[in-house]
1. List every residue pair whose Cβ atoms sit under 8 Å apart, with the two residues 6 or more apart in sequence or on different chains, where the first one lies in the stretch 280-297 and is in contact (Cβ under 8 Å) with a residue 40 or more places away in the chain and the second, anywhere, is open to solvent by less than 60 Å² (accessible area, probe 1.4 Å) and part of a helix (DSSP H, G or I).
2. If a residue must be assigned to a loop (DSSP other than H, G, I, E, B) and either under 38 Å from the mean Cα position of the chain (by Cα) or touching a residue at least 24 places away in the same chain (Cβ under 8 Å) (or both), how many such residues does the stretch 1-16 contain?
3. Can you tell me which residues in the stretch 176-185 are assigned to a loop (DSSP other than H, G, I, E, B), in contact with a helix residue (DSSP H, G or I) (Cβ under 7 Å, 6 or more places away or on another chain) and either open to solvent by 60 Å² or more (accessible area, probe 1.4 Å) or under 26 Å from Met221 (Cβ atoms) (or both)?
4. In this structure, is Asp95 surrounded by 22 or more Cβ atoms within 10 Å (Cβ to Cβ) and either over 17 Å from the mean Cα position of the chain (by Cα) or not aliphatic (A, V, I, L, M) (or both)?
5. Going through the stretch 61-80 one residue at a time, which ones are under 18 Å from His313 (Cβ atoms), among the hydrophobic types (A, V, I, L, M, F, W, C) and part of a helix (DSSP H, G or I)?
6. Go through the stretch 20-37 and give me each residue that's part of a loop (DSSP other than H, G, I, E, B), surrounded by fewer than 17 Cβ atoms within 10 Å (Cβ to Cβ) and either under 25 Å from the mean Cα position of the chain (by Cα) or touching a residue at least 60 places away in the same chain (Cβ under 8 Å) (or both).
7. Of the residues His153, His159, His126, only one is in contact with a strand residue (DSSP E or B) (Cβ under 7 Å, 6 or more places away or on another chain) and at pLDDT below 95; which?
8. Looking at Ile256, Ile237 in this structure, which one is open to solvent by 50 Å² or more (accessible area, probe 1.4 Å), of a type in the set (Val, Ile, Thr) and assigned to a helix (DSSP H, G or I)?
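The values are calculated or read from the model by the stated rules, or taken from the named source; none is laboratory data. The model shown is predicted, which means the values in this text are computed figures rather than measured ones. Counting neighbours? That spans all protein chains shown, and the Cβs are built from the backbone with ideal geometry, glycine included. For the accessible areas, the whole protein counts, side chains as well, though only heavy atoms, and no ligand, DNA or RNA atoms are used. Shrake-Rupley method; radii C 1.70, N 1.55, O 1.52, S 1.80 Å.
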Amino acid sequence: MFPTERPRRLRRSERLRAMVRETRLGPERLVYPLFVAPGEGLRREIASLPGCFHLSAEQAAREAREVEGLGIGGVILFGLPAAKDARGSEGWAEDGVVQRAVRAIRAECRDLLVMTDVCLCEYTSHGHCGLVDGEEVQNDPTLELLARMAVSHARAGAHVVAPSDMMDGRVAALRRGLDGEGFASVPILSYAAKYASAFYGPFRDAADSTPQFGDRRGYQMDPPNVREALREVRLDIEEGADMVMVKPALAYLDVIRAVREAVDVPVAAYNVSGEYAMVKAAAARGWIDEERVVKETLVSIARAGADVILTYHAKDFARWAK
């Protein structure tokens, strides 16, 4: 008890604070999202995601070289196809935008992990994450298409595939498809607990993936639920997921903690577009100290239990960490 117990003793200098710091976060635990699009020489800033760009394949490779040089662990690719249809068939085209970008990045970057998002929403004319019948998203018929997409990404050279569609049984379908085509060593990072969140707005603008009717609450999770997240996580691990993700991160830190305590596989969290855009908007107006807020934000996600963090702040964090 005071005056013998004085916690401030261990806060007297930065070197001492660093020595006893409980949560440590480095750039190697971050994944930087990239939006790839058709064409050549394309580098177009996304208005709702300042500092992020639509990139053609060779520009994505150039960006990836910068990311690798900053010591960031990996990138995850999202595609804007040249054309969309009801089935999202550009998603598994061998010369699709993501497939071309994967090959270009792999040719330029030796150590950077290349992950790919596996979902139909960016490729379908209706903007939903699966095949539709009328206005109903069809679960089982979608699984084969997701597996085809994952295989095409692996064939192009993706190190990790990450299904984000929230269809039931998709992890098992991807695992069967990958194993059957000789890609048994390619891990699956499942968006296991993906909530129907209001924080996705800038991403949908960036990926041109807003649903043309209805919404995604029939397959993405209801925000008030935690036990359901644990059920989803357990099911995905049983189906073969090597890593699981909680998305979004900041409004769901309690879910990240609950998942971390419930499972032994690595846990990822997605610091999503709306969370990023709010920080950028406030920083642009001088209302916050951007560097301190970003560092505090990402450390809070790691402290909650995330082993891997997908974040648009990755490059800035890596520069500030040097």
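1. So the pair list comes out as Lys280/Glu290; Thr297/Glu275; Thr297/Val279.
2. 2
3. Glu181, Ala184
4. no
5. If the condition is that a residue be under 18 Å from His313 (Cβ atoms), among the hydrophobic types (A, V, I, L, M, F, W, C) and part of a helix (DSSP H, G or I), then Ala64, Val67 are the ones that fit.
6. Within the stretch 20-37, Glu22, Thr23, Arg24, Gly26 qualify.
7. His126
8. Ile237
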